[in-house]
Structure formats: C-alpha cells, structure tokens
Amino acid sequence: MTTKTKSDYPDNADQSGLKRVGDSVRERLAANPDAYKVPSDEVELYAIGDFMTAAECAKMMELIDATAQPSRVFDLDYSSGYRTSYSGDVDPHDPFVKKISRRIDDLLDIDPSFGEAIQGQRYMPGQEFQPHNDWFHPGTTYWDLEMGAGGQRSYTAMVFLNEVEAGGTTDFTDIGLSIEPKPGVMLAWNNAYPDGLCNPKTMHAGRPVQAGSKYIITKWYRTKRWG
Ligand SMILES: O=C(O)CCC(=O)C(=O)O
Ligand SMILES: [Fe+2]
C-alpha cells in the first residue's frame, strides 16, 4: 500500500471544518489534567483513564450483548473478513446511553449535533478490525452521501469496556503504537492534521482477540450536524 501525501487530500475533504474541530478539541484537552497526550509527532491522540466506571462498563456490555444479532454474519464487512467483530448501534434513546454520549461530548467539547450515534462492538476470539482510517475516502460511492450528511469524520472517541485475556490491542500501524485494552479508558484522536487535511497516519486496527472477549464503544464526530 502506498502512503498518500497531504497533497492527495484537497479541500473537498472538509479541511476548514476539520481544522476548526481539531483546534477546539486541542485547546479543550490541553486544559484537562486527566487527558494524557500520547507522544507522537504524527497523530494527535489522547488517553483518558477512568472515563467510565466498572459498573458503567458492565452495563454497556449488557446493552451490546442485547443488540447482537447472528444475522450480522451477512454484513458485507463481516463476510469480507475486514471487520469480523459484531457491531451495532446501542439504543441512542436509552437514558444510560445518552448519559455516556453526553459525557463524551462534554469531555471533547464538540457540538453534540456533530456526533454520530454510539456504536458498540464485541470481538470474540479470532475476530478483528483490520487496518483502516476512520475518515471517508474521496472517490468512494458513499462520499457524496456522507459529505452531505455531516461532512468528514473529525474526531474518534473510543472506550474500552473490559480486560481482554489475550490479543485485541488497538494498534496505530503506521506509527508503531500498540495500546492494550484497559476497562474504562477512552482513546480520542484527531483524524486530521492540525491544518485540517485528513491524516493517513491515523491508520489503526483492532487486532484479533486471542482469548476472552473485547467490548468497546466508538463515537465518531463530523464537521457539522450529522444525519
Ligand atoms: O477495536 C479497536 O480497537 C478499533 C476499533 C475501530 O477502529 C473503530 O471502531 O473505528
Ligand atoms: Fe476505526
């Protein structure tokens, strides 16, 4: 795979919106002593410990289990082996889900309307999410649709809900960073460079779970009102 350079991403990738969100989150997290900036010159990535309590993690895992449907095996992502975890939206109207969702909005201080619905994911042994970028790629079939429905993905917030017996790390494959799941820990990263161009170095993967299971929630933010 060839690494794209900044010039491959013109302003139609939502540069000004991405810069705006990136600037504001940077300022917000710099003022938060609980936000640890993971050292990297390439990716703006933060870890926030104790973002959810053990009880909240347990409750969220129950909700993820409750939405898991075996029919997911027919998903395109699943059958291609690219993303073999179960994934699905937890009920956005559930008061508990709303509470967690607002807590993420508040921590990052991104306009709540920019946030997509929280997604739950569950990986069983052998399941993984292969290396990808969270942003939408220009030239794809979904590009026009997504650009008209909230714009590019700016920030990703992801929370580990449990301890994984073996495997299941989140690896930033281009910058050689491997993060072990720790319950209640949130990772948040800017999918763009500070200047607002999509950042290919944010390439990441959910590595195969080898033993036990792995539960996470993910919330992606756009550059304007989502939906
Ligand atoms: O499971 C992981 O560690 C990565 C998940 C992920 O990349 C995503 O939800 O976008
Ligand atoms: Fe991702």
- Task: Could you check, for the stretch 164-174, whether at least one of its residues is in contact (Cβ under 8 Å) with a residue 24 or more places away in the chain, within 14 Å of ligand 2 (Cβ to nearest atom) and farther than 24 Å from I104 by Cα?
- Result: yes
- Message: Among the residues that make up the stretch 146-156, is at least one of them surrounded by fewer than 20 Cβ atoms within 10 Å (Cβ to Cβ) and outside any loop (DSSP other than H, G, I, E, B)?
- Response: yes
- What about G227, is it at pLDDT below 95, out of contact with any helix residue (DSSP H, G or I) (no Cβ under 8 Å at 6 or more places or on another chain) and on the phi > 0 side of the Ramachandran plot? yes
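Matching residues to (1) more than 27 Å from D34 (Cβ to Cβ); (2) away from ligand 1 (no atom under 15 Å from the Cβ); (3) at pLDDT 95 or above:
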| site | (1), (2), (3) |
| --- | --- |
| T140 | yes, yes, no |
| W143 | yes, yes, no |
| A149 | yes, yes, no |
| S154 | no, no, yes |
| V159 | no, no, yes |
| T169 | no, no, yes |
| G176 | no, yes, yes |
| M186 | no, no, yes |
- Could you tell me which residue of the stretch 191-212 is nearest to E180 (Cα to Cα), considering only residues that are among the polar types (S, T, N, Q) and within 12 Å of ligand 1 (Cβ to nearest atom)? T202
- If we keep just the residues of the stretch 124-145 that are closer than 16 Å to Y86 by Cβ and within 13 Å of ligand 2 (Cβ to nearest atom), which is surrounded by the most Cβ atoms within 10 Å (Cβ to Cβ)? F129
- Message: Can you go through R207, R225 and tell me which one is among the basic types (K, R) and closer than 22 Å to L107 by Cβ?
- Response: R225
- Task: Working only within the stretch 157-182, note down all residues that are of a type in the set (V, I, T) and either in a strand (DSSP E or B) or closer than 24 Å to R102 by Cα (or both).
- Result: V159, T170, I179
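The values are calculated or read from the model by the stated rules, or taken from the named source; none is laboratory data. Because the structure is predicted, anything quoted here is derived from the model rather than measured. Cβ atoms come from the backbone with ideal geometry, glycine included; neighbour counts cover every protein chain shown.
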